Amino acid sequence: MVRIARERIDDLFGLAEQESQRGELELAHRYVVLAREIGARYNVRLLPEYREMYCRGCSTYWVEGRTVRTRLRPGHRVRTCLRCGRARRSRIRRVPAMTAESALERRAPAAFQGAILVGGDEDERRPERP
Ligand SMILES: [Zn+2]
């Protein structure tokens, strides 16, 4: 049962990714909700890479610039959900000196992914809505 649940979660995140690229953000959100429900029901943790992809507050699938805003602050990265305003802070450390290879990587759209995550994340509630 657990194995099936994991497969289903993988499928749902695959679908969420696919739909978000087509601009179907509501559908992507729905897939995240279903994946989280399956995880909760069968006591299966979502993989850490999946947990980076949506808002823990409202399950919105994150698309940089559309449903999430990413800002770098000294020592951490703040990702703010544009739907509910919940912020997720991740500690980061200095990015190592740029090599030709990493320079190429950093031209990718999600430039902030280049920062290296250390330690756990923490979520914080923002009282006011944007
Ligand atoms: Zn949210």
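Values as computed for the structure displayed
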{"item": "Considering residues of the stretch 64-81 that are among the aliphatic types (A, V, I, L, M) and either away from the ligand (no atom under 14 Å from the Cβ) or buried (at least 17 other Cβ atoms within 10 Å of the Cβ) (or both) only, the residue farthest from VAL2 (Cα to Cα)", "result": "LEU72"}
{"item": "Residue match in the stretch 47-54 (condition: among the hydroxyl-bearing types (Ser, Thr, Tyr), more than 17 Å from ASP11 (Cα to Cα) and surrounded by fewer than 20 Cβ atoms within 10 Å (Cβ to Cβ))", "result": "no"}
{"item": "Any pair with Cβ under 6 angstrom, 6 or more apart, that starts in the stretch 27-49 at a residue that is more than 13 Å from ARG6 (Cβ to Cβ) and ends at one that is among the hydroxyl-bearing types (Ser, Thr, Tyr) and in a helix (DSSP H, G or I)", "result": "ALA28/SER20"}
{"item": "Among (1) at pLDDT 90 or above; (2) touching a helix residue (DSSP H, G or I) at 6+ places or on another chain (Cβ under 7 Å), the one test that VAL95 misses", "result": "(1)"}
{"item": "Pairs, first in a strand (DSSP E or B) in the stretch 78-93, second near the ligand (Cβ under 7 Å from one of its atoms), C-beta under 7 Å, six or more apart", "result": "CYS81/CYS55; CYS81/GLY57; CYS81/CYS58; CYS81/THR60"}
{"item": "Residue in the stretch 46-63 that is nearest to the ligand (Cβ to nearest atom), counting only those that are of a type in the set (Ser, Thr, Tyr) and part of a loop (DSSP other than H, G, I, E, B)", "result": "THR60"}
{"item": "Test: ALA35 is exposed (fewer than 15 other Cβ atoms within 10 Å of the Cβ), hydrophobic (A, V, I, L, M, F, W, C) and more than 18 Å from ARG77 (Cα to Cα)", "result": "no"}
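This table checks each residue for (1) more than 17 Å from the chain's Cα centre (by Cα); (2) assigned to a helix (DSSP H, G or I); (3) exposed (fewer than 14 other Cβ atoms within 10 Å of the Cβ); (4) away from the ligand (no atom under 15 Å from the Cβ).
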| residue | (1), (2), (3), (4) |
| --- | --- |
| LEU12 | no, yes, no, yes |
| SER20 | no, yes, no, no |
| HIS29 | no, yes, no, no |
| VAL44 | yes, no, no, yes |
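The values are calculated or read from the model by the stated rules, or taken from the named source; none is laboratory data. Small disclaimer: the values here were computed from a predicted structure and weren't measured. Here the Cβ is made from the backbone with ideal geometry for all residues, glycine too, and neighbour counts use every protein chain on show.
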